[in-house]
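Notes follow once the structure below has been shown.
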Amino acid sequence: MAPPTRIGLAGLAVMGQNLALNIAEKGFPISVYNRTTSKVDETVERAKREGNLPVFGFHDPEAFVNSIQKPRVIIMLVKAGAPVDQTIKTLTTYLEKGDCIIDGGNEWYENTERREKAMAELGLLYLGMGVSGGEEGARHGPSLMPGGSFEAYKYIEDILLKVAAQVRDSGPCVTYIGKGGSGNFVKMIHNGIEYGDMQLIAEAYDVLKSVGKLTNEELQGVFAEWNKGELLSFLIEITADIFGVKDDKGDGHLVDKVLDKTGMKGTGKWTVQQAAELSVAAPTIESSLDARFLSGLKDERVEAAKVFKAGGFGDILTDQQVDKVKLIHDVRQALYASKICSYAQGMNLIRAKSIEKGWGLKLGELARIWKGGCIIRAIFLDRIKEAYDRNADLANLLVDPEFAKEIIERQSAWRRVVCLAINSGISTPGMSASLAYFDTYRRARLPANLVQAQRDYFGAHTYERTDVEGAFHTEWFKIAKQSKY
């Protein structure tokens, strides 16, 4: 009989397999289980191949649970929703009081809170843990966002600290996030920020390619260069890589043959729904979701292009000569300024939810654990952490003195890029939404006074005044009618 393993993992798709191998490689013997047993054998085979790692496979859930040392800890990496409930049902048949289940999937945070309560009634501990970094991250060091039972977190803190991505100056990319579904919520907003980031990069590409006429070779050089400075990040790095890949099925570059329809799993949609629920403006993230919806209408867009081409609209409306060097400089500035807005919106969402739920989340600490392992990892997160270190109650990243200075330096270039795109008939919804967000936020007075007057006119919703306390209602219709005669 083999000695009990330190931890178990159920669900051996790509993420599950890679995380299991990562845990084993860090010196923690692990039991693995999957409903489709071929996946179990495949994982054990990989473990042998990748250095005789201590991974033990089980085809039977009871034997799997019994192979783990008590109190048992089992990570699930299965699809969100019903499959999670099904897996929990299978495991709890054999678990005992004090054992712990961790959901490492992209789950809706309220489901985690429901399950945590249900598990507590059975005497079991429960964590919802966001895992970011894709398959590479899972294998070599992800960013981990565990929330729920603090006692459960303490059980496996030693494992998570070693398995997480390690950043030289700031430590492992894991921290106990907070109570309830906070871990899942933070991961969801991380994904929303990721949607915004990817959209902004795609717009930068579109302007450089469509207006600046940059070739893929030039684009690769530009993005590689950007990745050495303030834009240094995982997404900029992989973008440079993508432009360098030749098509293996024909001439040219592969990127040009990829169909322009974006898929999605749902976390971006949840982020936008939460923004509406919390009354927090997140226009950059919202525009990236809309861009994905519109990209899905490929057939309609092809037909629309024909309709408008007949009216003299090509893909590009201007054939002006542009100074490539200046354009590249401007787009770089616009991308960075827009990106600040996307992260600011994500952080505001997290803060609003934390206040609503009493989670007490530390925004600077979140920026720290996103510095390595995850998809939005970027040098720029250092700066966000410093901003919250300077002022934990910062109302918005835009008004941090350092970020405010950077936006002021970049705003002319940002406006030039958005104007150029508009005049060229190229949509830059993310950059435009970011700019509108900045321009709205920095104005002491907005035209909302007119909207409020309209609401009072047709619905007697009342209004406040700038000069006198209290709520007021005016008979706008009667006064207007009298003045007409």
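The values are calculated or read from the model by the stated rules, or taken from the named source; none is laboratory data. The structure presented is a predicted model; accordingly, all values stated were derived computationally and were not measured. Every residue, glycine as well, gets a Cβ built from its backbone with ideal geometry; the counts of neighbours run over all protein chains shown. SASA here: full protein model, heavy atoms, side chains in, ligands and nucleic acids out. Shrake-Rupley method; radii C 1.70, N 1.55, O 1.52, S 1.80 Å.
Taking θ as phi - 60° and the Karplus parameters 6.51, -1.76 and 1.60, the scalar couplings of region 333-345 work out to 5, 5, 5, 5, 5, 5, 5, 4, 5, 4, 5, 4, 5 Hz in sequence order, x denoting glycine and proline.
Computed over protein heavy atoms with a 1.4 Å probe, the accessible surface of region 108-266 works out to 42 Å² per residue. The angle between the Cα long axis of helix 267-278 and the main principal axis of the chain comes to about 60°, on a 0 to 90 degree scale.
Under a straight-distance cross-link criterion of Cα-Cα below 29 Å, which lysines are reachable from Lys249, leaving out those fewer than 8 residues away in the same chain? Hits, sequence-local ones excluded: Lys209, Lys213, Lys257, Lys261, Lys265, Lys298, Lys306. Pairs of Cα atoms nearer than 8 Å and 6+ residues apart set the relative contact order; for the chain it is 13 percent. Restriction of the trypsin sites (Lys or Arg not before Pro) in region 110-219 to DSSP coil positions whose beta-carbon has at most 11 other beta-carbons within 10 angstrom yields Arg168. Against the compact-protein benchmark of 2.2 N^0.38 Å, the Cα-based radius of gyration of the chain scales to 1.12. Length gained on full extension, Ser483 to Arg168, computed as 0.36 nm times the residue gap minus the Cα-Cα distance: 106.2 nm. Of the solvent-accessible surface of the chain, computed with a 1.4 Å probe and all protein chains present, 55% belongs to carbon and sulfur. Compared with the dominant Cα axis of the chain, that is its longest principal axis, helix 380-390 is turned about 90°. Exposure check, 1.4 Å probe, all protein chains in place: Leu446 carries approximately 70 Å² of accessible surface. List the lysines whose Cα lies under 21 Å from the Cα of Lys89, skipping any in the same chain that are fewer than 8 positions away. Excluding near neighbours in sequence, the set is Lys39, Lys70, Lys79, Lys97, Lys117.
For region 372-441, which chymotrypsin sites (Phe, Trp or Tyr not before Pro) pass both filters: DSSP loop (anything but H, G, I, E, B) and at most 10 other C-beta atoms within 10 Å? Here no chymotrypsin sites (Phe, Trp or Tyr not before Pro) fit, given the DSSP loop and packing criteria.
Quick one: ranking His59, His190 by accessible area, 1.4 Å probe, largest first, what do you get?
On the way: His59 100, His190 0 Å².
Largest to smallest exposure gives the sequence His59, His190.
Ligands, DNA and RNA excluded, the heavy atoms of Ser210 present near 20 Å² of accessible surface to a 1.4 Å solvent probe. The GluC sites (Glu not before Pro) of region 410-485 that DSSP puts in a loop, and whose beta carbon has at most 10 other beta carbons within 10 Å, are Glu469.
The helix-based estimate of mean residue ellipticity at 222 nm for the chain, built from -39,500 (n - 2.57) per DSSP H run of four or more residues and divided by its residue count, is -18000 deg cm²/dmol to the nearest 500.
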